[in-house]
1. Do any residues of region B:63-104 lose at least 50 Å² of accessible area when the full set of protein chains is present rather than just their chain alone, and if so which, with a 1.4 Å probe?
2. Using only Cα atoms, find the angle between the long axis of helix A:31-42 and the longest principal axis of chain A, and express it within 0 to 90 degrees, rounded to the nearest 10.
3. When the Debye formula is applied to the Cα atoms of region B:150-251, each taken as the same point scatterer, what base-10 log of I(q)/I(0) results at q = 0.17, 0.20, 0.25 Å⁻¹?
4. Translational diffusion coefficient, Stokes-Einstein: compute it for region B:151-206 using the Kirkwood radius over C-alpha pairs as Rh, at 10 °C and 1.306 mPa s, and state it as an integer in µm² s⁻¹.
5. What FRET efficiency comes out for the pair A:ALA76/B:SER173, r = Cβ-Cβ distance, R0 = 51 Å, nearest 0.05?
6. Specify the inter-centroid distance of region B:1-53 and region B:176-248, based on alpha-carbon positions, in whole Å.
7. Anything over 24 Å Cα to Cα? Flag those among B:LYS46/B:LYS170; B:LYS37/B:LYS231; B:LYS217/B:LYS268, in the order listed.
8. Calculate, axis by axis, the spread of Cα positions in region B:64-197 along the three principal axes, and write the results as whole Å, longest axis first.
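The values are calculated or read from the model by the stated rules, or taken from the named source; none is laboratory data. Since the structure is predicted, the reported quantities are computational estimates derived from the model, not experimental observations. All Cβ positions, even for glycine, are placed from backbone atoms using ideal geometry, and neighbour counts span all protein chains on display. Ligands, DNA and RNA are stripped out before the accessible areas are found, and what is left, the full protein with its side chains, is counted by its heavy atoms. Shrake-Rupley method; radii C 1.70, N 1.55, O 1.52, S 1.80 Å.
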Amino acid sequence: MSSQWPLWEIFIRGQHGLNHRHVGSLHAPDAEMAIRNARDVYTRRNEGVSIWVVPSNAITASSPSEKGPLFEPSNAKVYRHPTFFDIPEEVGHM
Amino acid sequence: MYAQLVKSEGAKPREEMTPEEIAFQERIDRGEKIEPKEWMPEGYRKTLIRQIGQHAHSEIVGQLPEGNWITRAPTLERKAILLAKVQDEAGHGLYLYSAAETLGVSRDELLEKLHSGNMKYSSIFNYPTLNWADIGAVGWLVDGAAIMNQVPLQRTSYGPYSRAMIRICKEESFHQRQGYDIMMKMAAGTPEQKAMAQDALNRFWYPALMMFGPSDKDSVHSAQSMAWKIKINTNDELRQKFVDQTVPQAKYLGLSIPDESLAWNEEKGGWDFSEPDWSEFFAVIAGNGPCNEERLGARVKAWEDGAWFRDGLMAHAEKAEARRRAARVAAE
Ligand SMILES: [Fe+2]
Ligand SMILES: [Fe+2]
Ligand SMILES: [Fe+2]
């Protein structure tokens, strides 16, 4: 009998100039219907100016168990932050 | 409340926990969110599926008693408002089903369990909405009780559940206000209208109190769920807050809460009130409420009557995809 509609991840651009942001997911038979359904549930109160839909199974995610090795390298690189440098007050805003 | 009797699994004293389970509990204690693909105890996963599933079912079954009145709303404006409210509830169901699906259960499986009676929904939706005043009482009391429960759940430990709750809470205050607005109109109307409002309050008061689930002393599953932060407050705490919030609102309407024992308790800074009839609650949960059969029947019928439509759209999508693929091959 019925097979379940595929799952789509929904991304909404909230305002002009902002990134699309993941807001949730829904089932729909195809991309076009996914956009219509996303319009109906995720933009009911002026939440968006643009919608992206992506098949859930097309997303590759980093593995939670490799969080350490994946993100650690940048932790040691404190000089990447502007606050690492002491700039004398006389120099003014920088 | 929307999940009133959720059996939690795998409660364990700390000395029996594995190192993995201890590390997991410590993450929760630190206030970290647990995300879908991360390690979690089987009991946590199962309890969450049950709770989020029950919550989702409540949202969509909850559409039925109100949907009932869309065509009979007294004005076009009221009709548009009620329609928007009932549509919101469909969205709430969707957010919650999606959150449950991240735990490895399929949407179809959840619906099958609802339709076969293996999963529950809130007892409140097994009471009838007899007239327009009931729609006011539902928004005011039922959505009001839902908000009480859902606001703290925004801080729940499971990321997708917490995010669903945040979205839902944004919409709920519209629901409660539209209900109270109906009550204000009725209570300030003709004596007959005011009597209808009072009658609706009389009928919905105790069922609304039941929404928070059994009294803490009879609620055996709370401790583990609270340790996991999938339950934030006890049933009695929330019920007390709800009563304290609602009493002055009823007073403003000039309506009386149908409880002769209702009395201000200076010491606790809250109202003393009568417990609902818990035997009625357990009977309704077991399937013997006034509308259980009708509600489940309507759900199953909608699902079965919609099968051709779901299949048709899927067949269309597959054909269109095949056509696109053929065109690509031809172009190469
Ligand atoms: Fe809702
Ligand atoms: Fe609701
Ligand atoms: Fe609601």
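1. When all protein chains are present, B:LEU94 each give up 50 Å² or more of accessible surface.
2. Relative to chain A, helix A:31-42 is tipped by roughly 70 degrees.
3. -0.92, -1.11, -1.34
4. Details: Rh = 13.4 Å.
Answer from the Stokes-Einstein relation: 119 µm²/s.
5. On the way: r = 46 Å, r/R0 = 0.91.
After rounding to 0.05, the efficiency reads 0.65.
6. 28 Å
7. Details: B:LYS46/B:LYS170 27 Å; B:LYS37/B:LYS231 21 Å; B:LYS217/B:LYS268 19 Å.
Pairs exceeding the cut-off: B:LYS46/B:LYS170.
8. Each principal axis gives a Cα extent; for region B:64-197 these are 54, 32, 24 Å.
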